[in-house]
Amino acid sequence: MEAIRRLFRPPMLEVSVMVLTLIVSYAAIFLISIGAEAPAGGMSTMQIGVISLGFFLLSFAIAVIAVIAGIGGGVLFTPIMLAFTSVDSLIVRATGLIVAMFSGLVSTGPFMRSGLANLRVSVLLAASYGVGAFAGAMAAIKVASSLGAAGEGAVRMALGAILAGLGVYFIMGGKKLEWPEVKNVDGFTKSLNLGLPFYERSIGKVVDYPMTRAGWTMLIITGVGLLSGFFGLGAGWAIVPVQNLVMAVPLKVAAANSGVLLGMGDCIAVWPYLLSGAIIPLFAAPWLVGQVLGGILGAKLLAGIKAGFVRIILIGIMFFTSFGLVAKGLNVFGAAPPVPFWLNATVFFSILAWVIFAVRRFNKQEAATAAAAA
Amino acid sequence: MERTETLRMPAMPISQIVYGEIVYWITIAAAIVCTVGPALALIFMDSNVMDPSFTFGAIFAGKSASDVWALSQTGGFPGGHFYVSNLLTGDGFTQFGLALGCGVALPGLLGATIAFAKSKSFGFVVLSLWVAALIFFSASGVVSMH
């Protein structure tokens with residue numbers, strides 16, 4: 001009885017409505033496709049329905065992985081699509097921005113209600129992030145229209161390098177502080193009155209935290225926005241450490257702010273893509289829906305999974321995708337032939353071996369920690 | 001400066017709640033529209049701006065966005081706000097969902113602006129309006145390369 005009652009309470013109420021709509025929609029598509037023939041040179045309704053459902057499921061999976069690993073979905077979507085499909089890079093990056101922003105948008109409500117995210121900090125940083133992201137999106141459209149195949153190759157190779165760098169950064173762990181220490185609050189930050197106490201469940205107390213260097217953070221976030229808007233990546237991987245290390249925002253608050261900020265800031269960056277036709281409605285819509293449902297359900301369903309375990313797999317995916325991007329970029333440039341199957345397989349199995357080794361080491365460490373605690 | 005810990009949770013600023021609720025519920029609405037839209041596009045295949053049968057093939061063939069839109073009934077991209085005159089078509093309705101979701105922060109920020117003004121946080125009134133203006137200009141295409 002309680003389970004049924006829970007279905008009619010937020011967030012399960014809206015999730016139920018969305019799932020029901022999804023089931024009815026795809027059932028209608030597959031029913032209508034029975035007996036329907038494809039036009040000459042085109043796809044059948046069934047084929048399109050399967051592709052669309054596949055996109056939704058992939059987006060849902062990306063959202064779930066991204067939620068557990070604490071990154072934005074764009075970091076996975078954009079490089080994978082650019083490395084392993086022939087889809088035009090501008091279409092991929094435009095859709096990547098949709099993927100990056102919607103898991104953030106849907107998490108905005110709960111974060112705001114709980115006070116974990118700080119609207120004042122988010123608005124302050126969005127004011128500078130938005131300028132950078134908009135300029136980045138405009139630059140992406142300009143590069144795509146003026147550089148042609150060379151631009152396609154350059155974008156793939158640059159993204160491959162960024163992704164490999166991110167993979168190394170994730171391996172090193174990234175220096176982050178749960179509760180950064182603030183020795184001095186500058187006048188500008190003090191005048192903004194940014195503080196917002198929040199309830200920290202792990203210690204069962206309400207915590208008020210000081211912040212500093214808001215001006216410098218705004219400046220750096222403008223650059224982060226430029227990168228995010230240009231590559232359609234999302235930028236949680238950069239926004240969280242910048243807030244945490246420069247502005248001294250506690251780690252949990254920085255992560256929550258990052259989602260709110262991406263949702264808000266990418267509402268600026270996404271429009272140049274939408275207005276130039278780079279977002280194709282039927283292609284982008286299933287990705288949007290997957291992010292929204294995955295964003296809500298992911299955190300709830302898979303809260304028990306160890307984040308460190310997922311993080312190792314994520315690093316493996318990033319390195320393999322990075323290899324794919326550089327190889328594809330070189331191929332588009334005409335500097336290298338398509339990667340032969342044996343080389344793809346060698347790289348894949350080498351990375352897989354590393355993932356297995358890292359997971360085993362992670363499990364041993366977890367077991368040792370549990371034994372020590374017992 | 002030390003962080004302080006207490007047991008009593010202060011009341012959440014109304015601006016937080018207003019922004020969070022507006023963004024959350026419009027995002028859900030956009031997701032529902034984007035679920036129904038593609039289904040309508042495939043069920044009423046002839047009533048679309050862009051024929052879905054050829055759209056995915058062109059995208060996976062690596063065609064540019066303008067080449068993909070060249071296959072549409074209009075012979076080219078009809079503009080980002082083409083849903084205004086095509087709301088009853090499947091892809092027009094889907095584009096409406098996308099536009100709704102991509103502009104969701106604008107009403108949220110306007111709501112937060114009012115709440116900031118009521119609490120006399122005028123600095124954040126200005127910042128919220130600045131971000132809202134960026135979204136508005138970006139969405140209206142006033143600042144555009146085309």
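Only one of the numbered conditions (1) over 30 Å from A:Phe333 (Cα atoms); (2) free of Cβ contacts under 8 Å to residues at least 12 places away in the same chain is not met by A:Ile171, and that is (2). The single residue among A:Val168, A:Val131 that is away from chain B (no Cβ under 12 Å) and either surrounded by fewer than 23 Cβ atoms within 10 Å (Cβ to Cβ) or part of a helix (DSSP H, G or I) (or both) turns out to be A:Val168. Taking segment A:74-98 as the range and being hydroxyl-bearing (Ser, Thr, Tyr) and either closer than 19 Å to A:Gly263 by Cα or facing chain B (nearest Cβ under 9 Å) (or both) as the test, the residues that pass are A:Thr78, A:Thr85, A:Ser86, A:Thr95. Could you tell me which residue of segment B:43-57 is modelled with the lowest pLDDT, considering only residues that are at the interface with chain A (Cβ under 8 Å from one of its Cβ atoms) and touching a Pro at 6+ places or on another chain (Cβ under 7 Å)? Filtering first and then ranking leaves B:Met45. Of the residues making up segment B:127-146, those that are within 9 Å of chain A (Cβ to nearest Cβ) and in a helix (DSSP H, G or I) are B:Leu127, B:Ser128, B:Trp130, B:Val131, B:Leu134, B:Ile135, B:Phe137, B:Ser138, B:Ala139, B:Ser140. The residue pairs whose first member lies in segment A:13-39 and is free of Cβ contacts under 8 Å to residues at least 40 places away in the same chain and facing chain B (nearest Cβ under 7 Å), whose second member is of a type in the set (Asp, Glu) and surrounded by 12 or more Cβ atoms within 10 Å (Cβ to Cβ), and whose beta carbons are closer than 9 Å, counting only pairs six or more residues apart or on different chains, are A:Pro39/B:Asp51. Could you check segment A:196-214 and list, in sequence order, the residues that are surrounded by fewer than 20 Cβ atoms within 10 Å (Cβ to Cβ) and either modelled with pLDDT of 95 or more or part of a strand (DSSP E or B) (or both)? A:Tyr199, A:Glu200, A:Lys205, A:Val206, A:Val207, A:Asp208, listed by residue number.
Taking the criterion of being touching a Ser or Thr at 6+ places or on another chain (Cβ under 8 Å) and more than 9 Å from every other protein chain (Cβ to nearest Cβ), the only residue of segment B:58-81 that qualifies is B:Leu71.
Among the candidates A:Gly294, A:Gly263, the residue that is more than 30 Å from B:Gly141 (Cα to Cα), surrounded by 24 or more Cβ atoms within 10 Å (Cβ to Cβ), within 14 Å of another protein chain (Cβ to nearest Cβ) and at pLDDT 85 or above is uniquely A:Gly294. Please go through segment A:266-285 and give me each residue that is facing chain B (nearest Cβ under 7 Å) and either in a helix (DSSP H, G or I) or charged (D, E, K, R) (or both), ordered by number. A:Cys267, A:Ile268, A:Val270, A:Trp271, A:Pro272, A:Leu274, A:Leu275, A:Pro281, A:Leu282, A:Phe283, A:Ala284, A:Ala285 - these are the residues of segment A:266-285 that are facing chain B (nearest Cβ under 7 Å) and either in a helix (DSSP H, G or I) or charged (D, E, K, R) (or both).
The values are calculated or read from the model by the stated rules, or taken from the named source; none is laboratory data. The shown structure was predicted, so the numbers you read here are calculated from the model rather than taken from an experiment. Positions of Cβ are backbone-derived with ideal geometry, glycine not excepted, and every protein chain shown enters the neighbour counts.
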